[in-house]
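**Q** The structure follows.
The values are calculated or read from the model by the stated rules, or taken from the named source; none is laboratory data. Please read all numbers here as calculations on a predicted model, not as lab measurements. With ideal geometry, Cβ positions are generated from the backbone for all residues, glycine too; neighbour counts draw on all protein chains shown.
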Amino acid sequence: MTQGGAELLVLEPTLARLSVELLKFSGDDDSPGTRRWSNLLVCEHLALETLLRELGLTAATSRILQAGGRTFYESIRFDRHGARGRSGVCTRKAINGALYGMTGNWLEAADRLLADGLLVAWNAKAIRLIWHFGRLIANNDMHDGNLAFRAGPTLTLAPVSDMLPMQYAPARGVELPPVRYQPSRPLPEQEDDWQAAAGAALVFWQHAAADNRISSDDYRRLCADNAEILSARKGSVAPT
């Protein structure tokens, strides 16, 4: 992510099997906008680790490298295998355009695909967990291109990727938006999934607050504050 969000595909021929990786990187200056992108790339890595460890969901394998004043984010492409192999992957955007033309969010998409027999129950639940988790880590950019599936007799959810607190992304690349973290309570029928996702999101904020790869003290404090806010909201009573 080069200050404006550019992404590059790079090859690492030194790997045992040639892999294609998605590389994002911050700028190398010390401006607030550049530091924020650096912080967000670390958060993206932490979010994927949290989904795997706390919720048992399959996420893209990633790592963070920091050198030359930049933060580099690498994620192994789950749809590439060796030098020429690849797996077919389709997004919810493509499925929706071909079959439905729906305008709803990921929760409604999961329900519809499940009802039509295109998705098994566990994958529908996984989508619900991912949606709540994303909302609770302030990801306001969960568009339909970020929900992907592998084809088969039924659709299988592809590993989660591109999951980070985009609410805090610099506006127009440079200005830091004055936004507040206000996690909402779920509807009663969403309570179990929300609680599970909230527990994972709480771990995410706590880890981000303690991670020294996040260079900005104010952003780590923001993460710590968000952890406290979510902890209080998690313990509140759901509406009836």
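**Q** Return the total of residues in the range 125-167 being surrounded by 20 or more Cβ atoms within 10 Å (Cβ to Cβ), over 10 Å from the mean Cα position of the chain (by Cα) and without any contact (Cβ under 8 Å) to a residue 40 or more places away in the chain.
**A** 1
**Q** Look at residue 176 and say whether it is under 14 Å from residue 39 (Cα atoms) and at pLDDT below 95.
**A** yes
**Q** Residues to consider are 78, 72; find the one that is in contact (Cβ under 8 Å) with a residue 24 or more places away in the chain and part of a loop (DSSP other than H, G, I, E, B).
**A** 78
**Q** Go through 211, 162 for me and flag whichever is in contact with a Cys (Cβ under 9 Å, 6 or more places away or on another chain), closer than 17 Å to residue 49 by Cβ and of a type in the set (Asp, Glu).
**A** 211 is the lone residue from the list that is in contact with a Cys (Cβ under 9 Å, 6 or more places away or on another chain), closer than 17 Å to residue 49 by Cβ and of a type in the set (Asp, Glu).
**Q** Give the number of residues within the range 168-183 that are under 16 Å from the mean Cα position of the chain (by Cα) and either surrounded by fewer than 16 Cβ atoms within 10 Å (Cβ to Cβ) or within 14 Å of residue 134 (Cα to Cα) (or both).
**A** Number of matching residues: 1.
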